[in-house]
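These notes are about the structure you will find just below.
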């Protein structure tokens, strides 16, 4: 028994959709709609944003507020919507070429700012819409239109990029591992913060046939050989693992600073200094260094920092330095180490 | 219109990717003359409906 109420979220009047037979984007669309329906997300509280590419059509087939953005700018538009309307659930439906290649910069910085949006990346490891060129996530050695002898370069490892800095949520799944796929979608939608689901999908017409697969199901079996499900929640995923890598922000450890008791000094009976008298004690000609602070006179001759030229950085010896504490990088506790030798005349 | 046994097939939505045919564990579905045809023996595992990317197949409930 399957709950078929998710069909309310799809524009069935526009079906059959535009993608090739066997394309994984249809499965992504359907399962995202199912998860949204289960969570009670509807056209009142949800908006979807999509980029450019085959997967950019996904937002158009959903019965929700949808934005079709310029190439690579799906995340920026989504973050803007979330900033203006924090009550909306914002979902980005896009592909690996849009998010990883031209929108790579936005992916880095949106994940850094950690807005509460969910990104579903339909990762078919190819530029599907333009005819099957090698994309950012094409595995090394794959034959494509632009790399007939096999792709030269290492693919962009989204799992490494997006799991460097906590908090993060990164899940990798395929359209074949359907239960795992649904779990990942659901957890990503529920995650507070930036969540990214990397859905390994099939592009049978433009990638699969060149690799020697005849039907979408043969590609699914290939996914099953290449990937295995990692049990439990990990901090990081290896390149051949499917699973969820998530980490909440570490709670900052508060170090309690013990406030030292200010030593009570008997200042009654000590010598009374006028400001003119104090000026003489500037360290020259063998005299000690005195400074005034809040009515007291301190002997700071022992300070290694007060040396030469009658001054230490910006403090001048033989003066009332009560006002200097406001601009000093240190507190007054530095001064309490030194002996009090007298009182300052008002 | 042929009588359907357990699987309702939407001819307009279907793109004949034959994913349903290949995921069926009992091999009761097949593509014959550009139509998905069902043989008797469906165990109602819903795999074809779950995997269909085009929302073109429904398995009749009980």
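The values are calculated or read from the model by the stated rules, or taken from the named source; none is laboratory data. Bear in mind that the values here come from a model prediction, so they are computed numbers and not experimental data. Cβ sites come from the backbone with ideal geometry, for glycine too, and all protein chains shown count toward neighbours.
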All but one of (1) surrounded by fewer than 22 Cβ atoms within 10 Å (Cβ to Cβ); (2) touching a strand residue (DSSP E or B) at 6+ places or on another chain (Cβ under 6 Å) hold for residue A:123; which doesn't? (1)
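How many residues, within the range B:50-62, are outside any loop (DSSP other than H, G, I, E, B), touching a residue at least 40 places away in the same chain (Cβ under 8 Å) and at the interface with chain A (Cβ under 8 Å from one of its Cβ atoms)?
So the answer is 2.
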Would you call residue A:174 touching a strand residue (DSSP E or B) at 6+ places or on another chain (Cβ under 9 Å) and surrounded by 18 or more Cβ atoms within 10 Å (Cβ to Cβ)? yes
Does residue A:160 fit the bill of being under 18 Å from the mean Cα position of the chain (by Cα) and away from every other protein chain (no Cβ under 14 Å)? yes
Residues in the range A:162-177 that are in a loop (DSSP other than H, G, I, E, B) and either under 30 Å from residue A:147 (Cβ atoms) or outside the structural domain of residue A:99 (by TED's automatic domain parsing) (or both) total 6
For the range A:178-235, give me the residue count where each residue is without any contact (Cβ under 8 Å) to a residue 60 or more places away in the chain, assigned to a helix (DSSP H, G or I), loosely packed, with under 14 Cβ neighbours inside 10 Å and more than 14 Å from chain B (Cβ to nearest Cβ). 2
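Condition check ((1) more than 9 Å from every other protein chain (Cβ to nearest Cβ); (2) buried (at least 17 other Cβ atoms within 10 Å of the Cβ); (3) touching a strand residue (DSSP E or B) at 6+ places or on another chain (Cβ under 9 Å)) across all residues:
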residue	(1), (2), (3)
B:10	no, no, yes
B:29	yes, yes, yes
B:32	yes, no, no
B:35	yes, no, yes
B:43	yes, no, no
B:48	yes, yes, yes
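Would you mind stating whether residue B:18 is under 22 Å from residue A:202 (Cβ atoms) and either away from chain A (no Cβ under 13 Å) or at pLDDT below 90 (or both)?
Values: under 22 Å from residue A:202 (Cβ atoms): yes; either away from chain A (no Cβ under 13 Å) or at pLDDT below 90 (or both): yes.
Yes, satisfied.
Suppose the filter is modelled with pLDDT of 90 or more and more than 19 Å from residue A:8 (Cα to Cα); does residue B:23 pass it? Explain how you work it out, then say what you get.
Numbers: modelled with pLDDT of 90 or more: yes; more than 19 Å from residue A:8 (Cα to Cα): yes.
It is true that residue B:23 is modelled with pLDDT of 90 or more and more than 19 Å from residue A:8 (Cα to Cα).
Within the range A:13-38, count every residue that is loosely packed, with under 14 Cβ neighbours inside 10 Å and either in contact with a helix residue (DSSP H, G or I) (Cβ under 9 Å, 6 or more places away or on another chain) or not in a helix (DSSP H, G or I) (or both).
In the first step, residues of the range A:13-38 are kept if they are loosely packed, with under 14 Cβ neighbours inside 10 Å; the result is A:13-14, A:18.
Now restrict to residues that are either in contact with a helix residue (DSSP H, G or I) (Cβ under 9 Å, 6 or more places away or on another chain) or not in a helix (DSSP H, G or I) (or both): A:14, A:18.
Matching residues across the range A:13-38 total 2.
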